[in-house]
1. Count, please, the residues in the range 148-205 that happen to be more than 17 Å from residue 84 (Cα to Cα), free of Cβ contacts under 8 Å to residues at least 24 places away in the same chain and in a loop (DSSP other than H, G, I, E, B).
2. Report, by residue number, each residue of the range 15-40 that is in a strand (DSSP E or B) and without any contact (Cβ under 8 Å) to a residue 60 or more places away in the chain.
3. Report the residue count in the range 165-178 for those that are closer than 23 Å to residue 49 by Cα and either modelled with pLDDT of 80 or more or surrounded by 14 or more Cβ atoms within 10 Å (Cβ to Cβ) (or both).
4. Among the residues of the range 17-37, count how many are at pLDDT 80 or above and over 18 Å from residue 184 (Cα atoms).
5. Being within 25 Å of residue 109 (Cα to Cα) and in contact with a strand residue (DSSP E or B) (Cβ under 6 Å, 6 or more places away or on another chain) is the filter here; which residues of the range 172-189 pass it?
6. When you go through (1) modelled with pLDDT under 80; (2) more than 28 Å from residue 11 (Cβ to Cβ); (3) crowded, with 16+ Cβ neighbours inside 10 Å one by one for residue 155, which number turns out not to apply?
């Protein structure tokens, strides 16, 4: 398949897609936090898309991160479980803290090429909000003639972020189902397999 590259992120940890892709994706990898450990994610100059693949934890709300003088907000966080996705638009940030079983998550970094750096309102603006999608969020289901199903859950769209990323979606295929990704000359596609096995093929022509 011309132009297709397959990488095992569990072995490589993280890769730099910019060596192969022209789009905004700058880093993609699988991250692990030991139980009780924390990691800060800040969307300064780039945006971030996270999807929990195993374990559990907590993501601090933006207000708690930018206003640490309010200890009563320390416990007001977003519960993270498998299937939860968190997208950090430009200017937002959070702190991830792993639960007792640790926290594993898929992490993509999206470059932002044009940013309005106007100082107007600096220091007074409200903290940027997080885009959150839980595993029970709304999804579109495509039904095949043989009963096979493809469940598509939208985690983020271009209108929600500044990056030129078109979409951040989760696909779930039932056994035997197939899904065709129509090629576009102006769009690149990156797939990460969270669970199960699949065969990637190329359509004739």
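1. Residues in the range 148-205 being more than 17 Å from residue 84 (Cα to Cα), free of Cβ contacts under 8 Å to residues at least 24 places away in the same chain and in a loop (DSSP other than H, G, I, E, B): 15 in total.
2. So the first thing to find is which residues in the range 15-40 are in a strand (DSSP E or B), and the list is 15, 25-33, 38-40.
Listed by number, the residues that qualify are 15, 39, 40.
3. Narrowing the range 165-178 to residues closer than 23 Å to residue 49 by Cα: 165-173.
In the following step, the residues that additionally are either modelled with pLDDT of 80 or more or surrounded by 14 or more Cβ atoms within 10 Å (Cβ to Cβ) (or both) were identified as 165-166, 168-173.
Number of matching residues: 8.
4. Final tally of qualifying residues: 12.
5. In the first step, residues of the range 172-189 are kept if they are within 25 Å of residue 109 (Cα to Cα); the result is 172, 181-189.
The one that is within 25 Å of residue 109 (Cα to Cα) and in contact with a strand residue (DSSP E or B) (Cβ under 6 Å, 6 or more places away or on another chain): 172.
6. Going through (1) modelled with pLDDT under 80; (2) more than 28 Å from residue 11 (Cβ to Cβ); (3) crowded, with 16+ Cβ neighbours inside 10 Å one by one, residue 155 breaks only (2).
The values are calculated or read from the model by the stated rules, or taken from the named source; none is laboratory data. Quick caveat, the model's predicted, so the values are computed rather than measured. Neighbour counts are summed over all protein chains in view; Cβ atoms, including those assigned to glycine, are modelled from backbone coordinates with ideal geometry.
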